[in-house]
Amino acid sequence: MLTSKKKEMKLNKFKIFIIGTGLLLGTASCNDAREITQDGIISDQNVWESLEDLQLGLNGVYGQWNYESQINFNAIITDNVKRGIANNGQGQSLYNFNLIPGTSQSTSIYSNSYAVINYANRVLSGVENLEFEGENQATEDHIEAQLLTLRAMSHFTLFQYYTEDYSDANSLAITIMDYVPEITETPERNTVEEVLEFIKADLNRAAELISPEASDYFYINANTIKAVQARVALVEGDYTTAMNFAEELVAEYPLSNPDTYAAMFRDEVQGEAIFSLARGQGDSQVASLFYFNTVEIDGDPFLEVSNGLYNALDDNDIRKDVIVGSESEFQGENSTDNILLIYKYPGSVQPLVNDIKLIRSSEMKLIAAESKARTNDLAGAAQAIKELRDARFGSSQPLPTYNNLNQALTDILQERRLELAFEGQRFLDIKRIGADINTGINRNEADCASFSAPCGLPRSSYRFTLPIPQLELNANPNITQNTGY
């Protein structure tokens, strides 16, 4: 039987023995460490003996996923935070756009994504070796579908951050890992076309295998796969597919009204969440990305909501209440004395801990709007944005007017900023949409002054593609570094 929500999510999280490889993949690179054989280690030869083993392995893959690093990176490098009252230098370097191959910012997303892929590939090897019948086979198929989706999502994350040009089919993207590599392997990166085809193939296979009855939004189900397919299609430029998937999901997961929206971020209801990462007692504390202690003014916030983001939020928009804490102290527009508390993760099972709403129907509505705009349905794009604003304000809002694609994309990018603030997407949104409207990172002057940092990063900057980490370069002489690093 598949486990539900948080009860078994982290059970035997480290059951899978990870062998060091030539790639980072979240593994050790020290020869001495590889030579140690500890008591109780479960090897690939004997770990996969039953459906329960596969389920525990799947739980381990979920448990390995550290999406918090992406939330942290996107918040600091863009325009949604300023220096907090308890800041002792936290985020200073990244806020100054200091991205080099040897820093944690260039390594964490890379290593964690490959670690998830490596874990998934090891469990998939067990799936290949075990055969069942009837309901047991259906359960194994469901497990395999989740593993394939997790592998696809991790490859897609890497693709977005470490690929210079999404539209150049023959340019370098990232290294595809559909197997567990030997320590001596040193592969080059695959092309954009190869990586996108691989991701889509994993998702298509997952869609065939997933159980149609599965509905627990803390585990991957058929709708999760559909949402990821919409994301991939949008980046690839297959706007008809992106729009169709997105609109199907919005129909099934209606946009939350203001009260439900706020309750969703307090972990009280599912609301419009399509897929969430469960976080319980003892799990990572997402709000610790911004606070030392609690989500309060005396909880020592070291990062705060930027004046730029605060100024863009309307008092009647429920997103302002969700993003900005009620204990905030507003002294005046762009005042250096403003204390603007980040409240997107208010804590639920314990202070600082919240489930992470990874995919919501509002994002699907935004994908539909952008897809319509890019296929010359500007009126349809405007209507989609109006419907999202109607839900957030709890009343009918003016219909925006888009006279051209540039106007539509500019408004959609701004709406994504408000809707997805502190959810790990802002940098990637500017990278993708900003390339078409010549918009980079543009910070409020009061915000950049709080860190004595530059107020902008032009979209032409090579820094919109992350560097291949130095640890990877050291281990793999055949891999090519991105331009500028």
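The values are calculated or read from the model by the stated rules, or taken from the named source; none is laboratory data. The structure presented is a predicted model; accordingly, all values stated were derived computationally and were not measured. No Cβ is skipped: glycine too gets one built from the backbone with ideal geometry, and neighbour counts run over all protein chains shown. With ligands, DNA and RNA removed, areas are computed over all heavy atoms of the protein, side chains included. Shrake-Rupley method; radii C 1.70, N 1.55, O 1.52, S 1.80 Å.
Using a 1.4 Å probe on the protein chains only, how many percent of the accessible area of region 188-265 belongs to carbon and sulfur?
46 percent
With contacts defined as alpha carbon pairs under 8 Å and 6 or more residues apart, what's the relative contact order of the chain in percent?
Dividing the mean separation by the residue count of the chain yields 20 percent.
Of the listed pairs K226/K320; K357/K431; K320/K431; K82/K357; K365/K431, which have alpha-carbon separations greater than 28 Å here?
Violating the 28 Å Cα-Cα cut-off are K226/K320.
Mind checking the full-extension length gain between E213 and K386? Use 0.36 nm per residue of separation minus the Cα-Cα distance, one decimal, nm.
Additional length available on full extension: 59.0 nm.
With labels modelled as points extended 7 Å from the Cα through the Cβ direction, what inter-label distance (nm, one decimal) is found for E197 paired with E329?
Each label point lies 7 Å from its Cα, and together they span 6.0 nm.
Give the average over all directions of the projected area of the C-alpha convex hull of region 335-391, one decimal, in nm².
The directionally averaged projection comes out at 6.6 nm².
Hey, what's the Cα Rg ratio for region 270-314 versus the globular rule of thumb, 2.2 N^0.38 Å?
Here the Cα radius of gyration is 1.49 times the empirical estimate.
Once you sort the root eigenvalues of the Cα gyration tensor of region 224-288 as a ≥ b ≥ c, which label holds: rounded (a/c under 1.5), prolate (a/b larger than b/c) or oblate (the other case)?
Judged from the Cα gyration tensor, region 224-288 comes out oblate (a/c at least 1.5, b/c at or above a/b).
Given 37 °C and 0.692 mPa s, how large is the Stokes-Einstein diffusion coefficient of the chain in µm²/s, with Rh as the Kirkwood radius over Cα pairs?
142 µm²/s
Taking each pair of different alpha-carbon atoms in region 160-286 once, compute 1/r for the pair, average those values, and report the inverse of that mean as the Kirkwood hydrodynamic radius in Å to one decimal.
17.2 Å
If contacts are Cα pairs under 8 angstrom and at least 6 residues apart, what is the relative contact order of region 346-452 in percent?
20 percent.
What number, rounded to the nearest 500 deg cm²/dmol, is the helix-based mean residue ellipticity at 222 nm of the chain, given -39500 (n - 2.57) per DSSP H run of at least four residues and division by all its residues?
Using -39500 (n - 2.57) per qualifying helix, the result is -14500 deg cm²/dmol.
Helix 426-437 against the longest principal axis of the chain: what's the angle in degrees, Cα atoms only, rounded to the nearest 10?
Orientation of helix 426-437: about 70 degrees from the principal axis.
Quick check for you: with a 1.4 Å probe and neighbouring chains kept, what is the accessible area per residue of the chain, in Å²?
Accessible area per residue: 39 Å².
How big is region 121-219 by Rg and Dmax over its Cα atoms, in Å?
Here Rg and the maximum Cα pair distance are 15.4, 46 Å.
Taking region 409-478 as the region of interest, what is the percent of Cα-Cα pairs per 10 angstrom bin, listed from the shortest bin to the one with the maximum distance?
18, 38, 30, 13, 2
Using only Cα atoms, tell me the angle between helix 104-129 and the longest principal axis of the chain; keep it within 0 to 90° and round to the nearest 10.
It is inclined by approximately 40 degrees.
Round to a whole number: what % of the accessible area of region 334-444 belongs to carbon and sulfur, probe 1.4 Å?
After summing per-atom areas, the C and S share lands at 45 percent.
Extent of region 343-456 along each principal axis, from alpha carbon coordinates, in Å, largest to smallest?
So the three principal-axis extents are 45, 36, 23 Å.
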